[in-house]
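The values are calculated or read from the model by the stated rules, or taken from the named source; none is laboratory data. If you're wondering where the values come from, they're calculated on a predicted model, not measured in any experiment. Surface areas here come from the heavy atoms of the whole protein model, side chains and all, with no ligands, DNA or RNA. Shrake-Rupley method; radii C 1.70, N 1.55, O 1.52, S 1.80 Å.
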Amino acid sequence: QVQLVESGGGLVQPGGSLRLSCAASGRTFTTYTMGWFRQAPGKEREFVAGIGWSVGSIYVADSVKGRFTISRDNAKNTVYLQMNSLKPEDTAVYYCAVDQIPGRVRTGTADYWGQGTQVTVSS
């Protein structure tokens, strides 16, 4: 059974940083694309970043480009999201997702989803 478990969320002041982790289990995800989405209250879920199995396959939403960095450790089946220079508008539940079709996560589609972790940016 595939399971994705996010961690690292919390409350942070504007301008601060957080690092989210997502550990995947249940199968080998080496060739899967791993990604992050977020959903703020009253808004639709939006794509944040994705990373394919090859180093060159990284996708980042314009809204977080230059502030957020996605990376992965295939040996640990884990994907990370380093979030710097956080803004109040980054407040949302952040979801991890994995998908077997390269690039498809950018469309909001994924094979497997985590339960989400809350990120709150507030002073």
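When Rg is the radius of gyration of the Cα atoms in the chain and Rh is its Kirkwood radius, what does Rg/Rh come to?
Value, to two decimals: 0.94.
Just need the relative contact order of the chain here, percent rounded to a whole number, with Cα pairs under 8 Å and 6+ apart.
After rounding, I find 36 percent.
Among PRO41, PRO14, PRO102, whose mean-square fluctuation peaks in a Gaussian network model of the chain (Cα, cutoff 10 Å)?
PRO41
Could you sort SER57, SER63 by their accessible area in this structure, using a 1.4 Å probe and putting the largest first?
From most exposed to least exposed: SER63, SER57.
Ignoring any ligand, DNA or RNA, what whole percent of the accessible area of the chain comes from carbon and sulfur when the probe is 1.4 angstrom?
Carbon and sulfur atoms account for 47 percent of the accessible area of the chain.
Given the protein chains as shown and a 1.4 Å probe, how many square angstrom of LYS43 are accessible, to the nearest 10?
Solvent-accessible area, nearest 10 Å²: 140 Å².
From the phi angles alone, apply the Karplus equation (6.51, -1.76, 1.60; θ = phi - 60°) to segment 39-49 and give each ³J(HN,Hα) in whole Hz, x where the residue is Gly or Pro.
9, 8, x, x, 10, 6, 5, 10, 5, 10, 7
How many Å² of accessible area per residue for segment 6-123, probe 1.4 Å?
Normalised by residue count, the accessible surface of segment 6-123 is 50 Å².
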